[in-house]
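Report on the following structure.
The values are calculated or read from the model by the stated rules, or taken from the named source; none is laboratory data. Computed from a predicted model, the values in this text were never measured in an experiment. Here the Cβ is made from the backbone with ideal geometry for all residues, glycine too, and neighbour counts use every protein chain on show.
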Amino acid sequence: MKNLMMGSLLALSLSACDSLWMDETATADPASLVVQVWEEINENYVFFDQKGVDWASALTRYQAQVSADMSEEELFEVLANMLRELEDGHVSLQAGFNNFRYHEVYLDFESNYNPGVVERVYLDRKINELGPFVYAILNGEVGYLRYGSFGDDFTQEQLVYLMDYFFSTRSLVIDIRDNLGGAAGNVTGLLGLFITEPQTVGQQHMPDGQGGYTVTDISVEPNEEIAAYENPVIILTNRKSYSSANVFPGFMSQLPQVTVLGDTTAGGTGLSTGRELSNGWKYRYSGAKITLADGTDFENGFPPDVVVTTDFNDAAAGVDALLEAALAR
């Protein structure tokens, strides 16, 4: 089995996202476009088993909905509805007049996060910001680190400052609620703060073209300039923790000092592949996948070690039940 450093994983995943293909011989009539999308997904999508999708019947069903004289807007809706059946937040369709992305991974669930309560009550309106982070020490002994998006980069200097700030804390709460993901390299940057030696944290599964996968270990190196934080770490998650914010608690959960607390994440372990239709529209789908180091799949969400919910009644009382539970650990 090969070994892959997380930085290389990032490069591969980004190149996959930006690698676009167009069949120059294909026509742009609606029926042909339905076939183009269906065949590409049928041959290369990696989560049929996890999603329970009846993709075999989709071609017939959606071809019956198109006609040569339909508008672009009508065709877009048909293709978007077909892609929606995959129930995958990494699936999208882009035209000049509209973009489709699957948002239902979090829309029908309780938020379990009220930033106003956190900022007014727990941070006491004193909001320390450094790069993409909000940070504080709560109750005089518990570190709090809010990271709103893995798409927001940070610097080594910022990490040095933060870990020195948290050095004497009893525990550290990392709040990634409402974090919809971003760059895999930022997962590495944070995870390296909590290990003392190289750690295999996951596997990348790339289709081998023969019905199987080429499996590569994903390894992370410790941050050599910063002493590892080895006290308890509590990661707060909700149903709007997606993609890299799903991978991060999954990978971190394999460390002995880490507890994931809150709600099951929204999932998202696919590496996105981009394609271009013969009419110029672009679409993406999960063409490879990430698992935990032992091969465990968590595409449909990573469950917390400790389930805690909070609601509008808590918010009205100035309480964040997840943060209260983390502070009590």
Margin query: If a residue must be part of a loop (DSSP other than H, G, I, E, B) and modelled with pLDDT under 95, how many such residues does the stretch 198-223 contain?
Written below: 5
Item checked: Tabulated pairs, the stretch 132-158, first in a loop (DSSP other than H, G, I, E, B), second among the basic types (Lys, Arg) and surrounded by fewer than 19 Cβ atoms within 10 Å (Cβ to Cβ), C-beta under 6 angstrom, 6+ apart or interchain -> GLU141/ARG170
Check: What's the number of the condition TYR122 fails, among (1) in contact with a strand residue (DSSP E or B) (Cβ under 8 Å, 6 or more places away or on another chain); (2) surrounded by 18 or more Cβ atoms within 10 Å (Cβ to Cβ); (3) at pLDDT 95 or above; (4) under 28 Å from PHE298 (Cβ atoms)?
Finding: (4)
Margin query: Taking the conditions exactly as written (touching a residue at least 40 places away in the same chain (Cβ under 8 Å), assigned to a loop (DSSP other than H, G, I, E, B) and within 20 Å of THR291 (Cβ to Cβ)), does GLY181 satisfy them or not?
Written below: yes
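Tell me the residue from GLY189, GLY280, GLY270, GLY262 that is closer than 30 Å to VAL37 by Cα, of a type in the set (Gly, Ala, Ser) and either in contact with a Pro (Cβ under 9 Å, 6 or more places away or on another chain) or surrounded by fewer than 24 Cβ atoms within 10 Å (Cβ to Cβ) (or both), please. Break it down stepwise before answering.
Numbers: GLY189 fails: closer than 30 Å to VAL37 by Cα; GLY270 fails: either in contact with a Pro (Cβ under 9 Å, 6 or more places away or on another chain) or surrounded by fewer than 24 Cβ atoms within 10 Å (Cβ to Cβ) (or both); GLY262 fails: closer than 30 Å to VAL37 by Cα.
Going through GLY189, GLY280, GLY270, GLY262 in turn, the sole match is GLY280.
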Note to self: I'm checking my understanding of the structure. Among residues of the stretch 267-288 that are out of contact with any Gly (no Cβ under 9 Å at 6 or more places or on another chain) and assigned to a loop (DSSP other than H, G, I, E, B), which one is farthest from ASN44 (Cα to Cα)?
What the structure shows: ASN279
Checklist line | Conditions (1) at pLDDT 95 or above; (2) part of a strand (DSSP E or B): number failed by PRO249 | finding: (2)
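Yes/no per residue for (1) out of contact with any Asp or Glu (no Cβ under 9 Å at 6 or more places or on another chain); (2) within 19 Å of VAL260 (Cβ to Cβ); (3) small (Gly, Ala, Ser):
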position: ASN139; (1), (2), (3): yes, no, no
position: ARG146; (1), (2), (3): no, yes, no
position: LEU159; (1), (2), (3): no, no, no
position: LEU162; (1), (2), (3): yes, no, no
position: LEU190; (1), (2), (3): yes, yes, no
position: GLY212; (1), (2), (3): yes, no, yes
Notebook entry, point to check: Among the candidates ALA26, ALA68, which residue alone is touching a helix residue (DSSP H, G or I) at 6+ places or on another chain (Cβ under 7 Å), surrounded by 14 or more Cβ atoms within 10 Å (Cβ to Cβ), in a loop (DSSP other than H, G, I, E, B) and modelled with pLDDT under 95?
Noted result: ALA26
Next item on the list: Tell me which of these PHE76 doesn't satisfy, since it passes every other one: (1) surrounded by fewer than 18 Cβ atoms within 10 Å (Cβ to Cβ); (2) more than 20 Å from SER243 (Cβ to Cβ); (3) modelled with pLDDT of 95 or more.
Entry: (1)
